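The values are calculated or read from the model by the stated rules, or taken from the named source; none is laboratory data. Predicted model, so just to flag it, every value in this text is computed and none were measured. Cβ placement follows ideal geometry from the backbone for every residue including glycine, while neighbour counts extend to all protein chains displayed. Side chains are part of the model used for accessible areas, which takes the heavy atoms of the whole protein and leaves out ligands, DNA and RNA. Shrake-Rupley method; radii C 1.70, N 1.55, O 1.52, S 1.80 Å.
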Amino acid sequence: MVKISLSQAFLDFQKETNHLKKRIKKATKKHDATHDFRVFYKKLKSHISLFNSLWETHITLTDQLQEFYQQIWLVRDAKVFYDLCKKYTKNNKTIMVFAEDRLIRAKEKCHDYKRWVSFKKLSEQLVEMISLLVKSSQSFDPKWIQAWLEAYFERTENLLHQLVHSHTVTDVELHTIRKNIKKVLYLFPYLFVYDKKKYMPFYETYKRFAEDLGNWNDYNYLVENLETMPRKSHELKIVKKMKKKEESMKKELLHKLRSWFHFSAQLTSKNTIWKPEKEAAHQPVNTKEIH
């Protein structure tokens, strides 16, 4: 029963590919599908990382997918910066000209930005790759993968606990915390298969932290980029004020993180040991890169 549920969880993930494909087809100036693709790309990377760590294999993203991601990342990055400037700088003329120029140059550089038709082949690769993950999930003994998932979650919890309680948490470390929290969020549907009641409090808290860290990340990113532009006295005041707010956001966020990860240590089982038995062994499927 658990095995079927686990496979179903992967099938639900597979459906997201078809949904993404439809959104990409409808991409227009009003509907920016780059964000949809970037989120899905990161989720897929997380799943591949999970399966590569389950056994010695090398499931990899194709070169086309990676190149396409890099192309749209440049445009999406500039678009996010432009939107943040518009939201937080009260449409300061000097700052908005700087942001708009950056967005125009990014679009000119990324010649594939509007060539969404190229995603047809990429979507086929995504479907095939996720089908591979679904097939792989069916070859595992449920008890074995349950032990691995719980051990993986516990290791991540321990890592996050160490990071948030370090004497001085740098911006780089806070970014690492955010990445690990988002990575685990993608895996909660599979943990729910085994014990939803146990992991739901973690999921809800991780989701809130992901949102808070995302807000801080946006603000931090905006301030860092504004500090690189030529500024007059008025713009300098704006940036200094924003920098002060960003530091305040970080301080409040760290307080919440430290409080939670002190408490969560009492909730997390410390007895999970990943020791797959011989009878739990599985037959690996063909994991060559999909072309």
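Can you find a residue that is modelled with pLDDT of 85 or more, under 22 Å from residue 156 (Cβ atoms), out of contact with any Cys (no Cβ under 6 Å at 6 or more places or on another chain) and open to solvent by less than 60 Å² (accessible area, probe 1.4 Å) anywhere in segment 239-252? Scanning segment 239-252, I find at least one residue that is modelled with pLDDT of 85 or more, under 22 Å from residue 156 (Cβ atoms), out of contact with any Cys (no Cβ under 6 Å at 6 or more places or on another chain) and open to solvent by less than 60 Å² (accessible area, probe 1.4 Å), so the answer is yes.
Sort through 163, 174, 149 and tell me the only one that's over 26 Å from residue 74 (Cα atoms), modelled with pLDDT of 90 or more and out of contact with any Pro (no Cβ under 8 Å at 6 or more places or on another chain). Don't jump to the end; show me each part of the working.
On the way: 174 fails: over 26 Å from residue 74 (Cα atoms); 149 fails: modelled with pLDDT of 90 or more.
Matching residue, one of 163, 174, 149: 163.
Residue-level check: of (1) open to solvent by 60 Å² or more (accessible area, probe 1.4 Å); (2) over 18 Å from the mean Cα position of the chain (by Cα), residue 183 misses just (2).
If you take just the helices (runs of 4 or more DSSP H) that sit entirely in segment 16-115, which of them hold at least 2 residues that are at pLDDT 70 or above and polar (S, T, N, Q)?
Working: elements: 34-54, 63-88, 93-109.
Passing ranges, in order: 34-54, 63-88.
Within 28 Å of residue 81 (Cα to Cα) and either buried (at least 16 other Cβ atoms within 10 Å of the Cβ) or modelled with pLDDT of 85 or more (or both) - does that describe any residue in segment 192-204? The answer is no, given that none of the residues of segment 192-204 is within 28 Å of residue 81 (Cα to Cα) and either buried (at least 16 other Cβ atoms within 10 Å of the Cβ) or modelled with pLDDT of 85 or more (or both). Taking (1) touching a residue at least 24 places away in the same chain (Cβ under 8 Å); (2) surrounded by fewer than 17 Cβ atoms within 10 Å (Cβ to Cβ); (3) under 15 Å from residue 153 (Cβ atoms) in turn, residue 171 satisfies each apart from (3).
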